[in-house]
Amino acid sequence: MAEDILLNKGSKEEQYQTLYPQVAALLEGEPSLIANLANMAAALKEQFGWLWVGFYLVMKDELVLGPFQGPVACTRIQKGRGVCGSAWASAKTLIVDDVEKFPGHIACSSLSRSEIVIPLLSNGEVWGVLDADSSSLSDFNKTDSIWLEKFVQLITVEEA
Ligand code: SME
């Protein structure tokens, strides 16, 4: 089976609508957590062309870098630190329109201007985050948070 992603050049909503069933099909029946995180990051990067998109996973008391697409990134983030650590601490999606105005923002790339972080939840516990960075200011809004929260639900923590 070919694994190409059919890209959509329409509105953001249309792009998510086209991408979602393709990612769902790609992940269906695949038990490898790493494979699924990697393919989801790749599909989002291909469709949206963000500067960086990927996952950090909770390991003991910190977030550790997981599968991603984009420039090299910092490997460990403490709880409550930066946008990722804050989304972990609050178990809430965070949208940052201008990363320079976010206290404690961790600048993995000087090109990053706006960011969205979605917690990965299992039984109310955060076990990781999805992080996307854009080189444009205010690139993320409610459409992204609604859809990306739906995307991460395709991934289950029981996978190994
Ligand atoms: N900017 C993030 C750190 C991760 S990188 O952007 C990939 C933060 O403040 O948590």
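Here are the numbers for the structure shown:
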| quantity | calculated |
| --- | --- |
| Residue 24 being within 16 Å of the ligand (Cβ to nearest atom), over 15 Å from residue 118 (Cβ atoms) and either open to solvent by 30 Å² or more (accessible area, probe 1.4 Å) or modelled with pLDDT of 95 or more (or both) | no |
| Residues (under 18 Å from residue 77 (Cα atoms) and open to solvent by 40 Å² or more (accessible area, probe 1.4 Å)) located in the stretch 122-160 | 125 |
| Members of the stretch 27-49 found to be out of contact with any Leu (no Cβ under 8 Å at 6 or more places or on another chain), buried (at least 18 other Cβ atoms within 10 Å of the Cβ) and not hydrophobic (A, V, I, L, M, F, W, C), listed by number | 45 |
| Condition check for residue 111: assigned to a loop (DSSP other than H, G, I, E, B), more than 9 Å from the ligand (Cβ to nearest atom) and open to solvent by 40 Å² or more (accessible area, probe 1.4 Å) | yes |
| Residue list for the stretch 68-93, restricted to those being touching a Gly at 6+ places or on another chain (Cβ under 6 Å), open to solvent by less than 20 Å² (accessible area, probe 1.4 Å) and not β-branched (Val, Ile, Thr) | 82 |
| The stretch 114-159 - residue that is part of a loop (DSSP other than H, G, I, E, B) and among the hydrophobic types (A, V, I, L, M, F, W, C) and, of those, farthest from residue 43 (Cα to Cα) | 137 |
| Candidate set: the stretch 3-20, residues that are closer than 10 Å to residue 43 by Cα and in a helix (DSSP H, G or I); chosen: the one most open to solvent (accessible area, probe 1.4 Å) | 20 |
| Selection status of residue 50, more than 10 Å from the ligand (Cβ to nearest atom) and in contact (Cβ under 8 Å) with a residue 24 or more places away in the chain | yes |
| Residues located in the stretch 72-108, provided they are in a loop (DSSP other than H, G, I, E, B), within 10 Å of the ligand (Cβ to nearest atom) and of a type in the set (A, V, I, L, M, F, W, C) | 72, 73, 74, 102, 106, 107, 108 |
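The values are calculated or read from the model by the stated rules, or taken from the named source; none is laboratory data. As the structure is a computational prediction, the values presented were derived from the model and not from experiment. Every residue, glycine among them, receives a Cβ derived from its backbone with ideal geometry; neighbour counts consider all protein chains shown. Note: areas computed on protein heavy atoms with side chains; ligands, DNA, RNA excluded. Shrake-Rupley method; radii C 1.70, N 1.55, O 1.52, S 1.80 Å.
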